[in-house]
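A quick write-up on the structure given underneath.
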Amino acid sequence: MGDQRVRHALNAIARVLLCAAGFVIAIYGTLQLDGLKSLSFREVLHEPIFWLTVFGSVLTGIAFAVLQRPRASSGQAPQPVETVEARTEPRKDETSESPAEDGDKLSLVEVVGLAAGGVIGSGWLLAVPGLHESLGEAALLGWAAGGVLMLTIAVVMVEFGLISQRTGGLLFHPHDAFGPLVVIILAASLWISYAINPAAQAAAAVDGLAEVVPALAGPDGLTGTGSVLAVLVTAAIIAFVLLPRRLVLRTNAALTLVKIAIPVVLVVFLALAVPGPPATAGPVPGPTTTGVLSALITSGVIYAYIGFQAPLDVTGEVRGGPRAVARRVRWAVYGTVVGSFLLYSALQLVYAEHMASSGAEHGPSYARLTDSATLIGAPTDWLVVLVRLAAIIAPIGSGIVFTYALSREVYTLSAERYVPSVLHEPRASRLPGRRSDSFWLILLVNLVLALVVLVAVGGDWHALAVLNTIPILILYAVTCVVLAVRSELLGTGFQQLLPVAAYAAFVAIALVVNESAWDRVWKGVAVIAWGSLVLLVLPWLHHLRFPGLGWYDAKNHGARLFSRDPANRPFVVLAVYLAALTLLSAVRHRIGDDSVWSVWSLRGLVMIVASGAFVLLVGAGRRYLRQTQLTTTRP
């Protein structure tokens, strides 16, 4: 048995090294391609470094597939680990809103539709031009940095999330590790982030429509008419999820196929097309000392990548046994992250080539490029129609995915009494295909929240994207810590390396947040604090029999703060860490880029603070497990 474990560990290390080698080759080739920007895309195809990059990418993909190969040690499939709580609230089987029949669960196509549909939204439409404006020739470096970070986070979240294949796992793995108070922070982060997403996507769709109807938007954002239309689109996105579940999922899968096909067609034709006549010449902006990291959030790179976690929100609804579920989720999530990186990079290449040939520093959209380019002497202005169609369809499709996932998370939160039980109690429904339904009330609450935020920011897509990005990054970071806390649940071989990836992702998220613009950081942390305060205070007021809150029967977890509850320590550590991260961001804003030494010293301090927070959170989580006597069993 010991020799077998050693072989498994050595094989796992070899596969990880193979994956790392491919990834290093791909990144090296990507960086070298920056020096070839003066060449056309067709000329780049003749460069050996281009094919070296392709080889590295393919090698990485093959290595990831090999890494997920099941072990055949005993002839039986590995079984998932179940957790049993002794002193905390018991789990309720009814909290998983999974269909009873396996045939009614999510197929591979539908799971891929959730992952890719959540990622391919308005990000590629607005982030590619923004990143070109911010970084110029180093724009590919931004996509590579964001892709590395997202892939690391995805591996950590997927591999640990598959241990307990349960709807709502993004919140209830932290519940097992830290207790309910940390879940309050994460629930606020997820709820606000997911609820804002349909509003952000609606604003992006209206902004895309404004190229045809200029009255909808102006230099300062959406006009009054545009804002009203964005409100209606937000309502339509949320209402669509009330249709029969199978219809929603299949429609989303079809929309995802269209959303992928359009940018692929755009890349192919722009790569072959001849750029339009030069405009006024001007220097192309280049990267600054902190340009790449700061651009990840400011230019919308992270926003363009998020959404891959949608299948993890509904793992309990995926078709098949444990092994089949794991395979479908891995293909969906890993394929989406790697595929989106390749697609975004290709878009950035053709965009940069056409913008450089036109002599312009940046442009507002792809429509300007396709309108002036020619292919075999013929104009490609017909591509403008596809671009404008994608500018409307892609954001709406992504908004549907986030709305669907959020409804399941809130349903589970309600069943566990983090929010009122009224949000999961079935009611008679006249909706088509549903005899009873509780989701209409959840979606109504989400609609109100989305519209409040949409009106508050005046339909500004960039403001909505930031409010969506910062909270979800915090959720990702804490999920990484959970894996380190529950490391005893991990198997042998590759899974034993996951805590290292979790630590790296946690620190990287801290650096990305610190490099972001100050107004984006404090607003993102402020909405987390506001949401957490609401979820803590309202149950307390209900406990005090405050007039008008008799219906808010969520558990009064805030009372734990005034006792020696073991859930206090992880909550305090996380809250202090978020405050410290915000303070360090304010310092970063004050010092600017004038002193390179000061910038790098601050980065070192951020890494030290993040490392300390990671260690403290892991220690607090393990102490919580000991005090609550949480045990694990393997069937």
*Residues of segment 486-523 classified as closer than 21 Å to LEU190 by Cα, open to solvent by less than 20 Å² (accessible area, probe 1.4 Å) and out of contact with any Ser or Thr (no Cβ under 7 Å at 6 or more places or on another chain), total*: 5
_Taking the condition of being modelled with pLDDT under 85, in a helix (DSSP H, G or I) and touching a helix residue (DSSP H, G or I) at 6+ places or on another chain (Cβ under 6 Å), how many residues in segment 452-494 meet it?_
12
*Go through segment 553-577 and count every residue that is assigned to a helix (DSSP H, G or I) and either surrounded by 20 or more Cβ atoms within 10 Å (Cβ to Cβ) or modelled with pLDDT under 90 (or both).*
12
*Out of all the residues in segment 123-131, is one or more part of a loop (DSSP other than H, G, I, E, B) and either open to solvent by 30 Å² or more (accessible area, probe 1.4 Å) or modelled with pLDDT of 85 or more (or both)?*
no
_Please go through segment 184-221 and give me each residue that is over 25 Å from VAL525 (Cα atoms) and open to solvent by less than 30 Å² (accessible area, probe 1.4 Å), ordered by number._
ALA205, VAL206, GLY208, ALA210, LEU216, ALA217
*List the helices (runs of 4 or more DSSP H) that sit entirely inside segment 149-266 and contain at least 1 residues that are at pLDDT below 85 and closer than 30 Å to PRO322 by Cα.*
169-178, 180-209
*Test LEU249 against the criterion of being open to solvent by 50 Å² or more (accessible area, probe 1.4 Å), of a type in the set (A, V, I, L, M, F, W, C) and closer than 19 Å to GLY113 by Cβ, and give yes or no.*
no
*Give me the pairs, please: first residue somewhere in segment 313-332 and touching a residue at least 24 places away in the same chain (Cβ under 8 Å) and within 12 Å of LYS105 (Cα to Cα), second residue anywhere and open to solvent by 50 Å² or more (accessible area, probe 1.4 Å) and of a type in the set (S, T, N, Q), beta-carbon distance under 9 Å, and either six or more positions apart or on two chains.*
THR315/GLN165; GLY316/GLN165; VAL318/GLN165; VAL325/GLN165
*Of (1) modelled with pLDDT of 55 or more; (2) in contact with an Asp or Glu (Cβ under 7 Å, 6 or more places away or on another chain), THR83 satisfies all except one. Which?*
(1)
*Can we say LEU431 is modelled with pLDDT under 70, open to solvent by 20 Å² or more (accessible area, probe 1.4 Å) and in contact with a helix residue (DSSP H, G or I) (Cβ under 9 Å, 6 or more places away or on another chain)?*
yes
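The values are calculated or read from the model by the stated rules, or taken from the named source; none is laboratory data. The model shown is predicted, which means the values in this text are computed figures rather than measured ones. Positions of Cβ are backbone-derived with ideal geometry, glycine not excepted, and every protein chain shown enters the neighbour counts. With ligands, DNA and RNA removed, areas are computed over all heavy atoms of the protein, side chains included. Shrake-Rupley method; radii C 1.70, N 1.55, O 1.52, S 1.80 Å.
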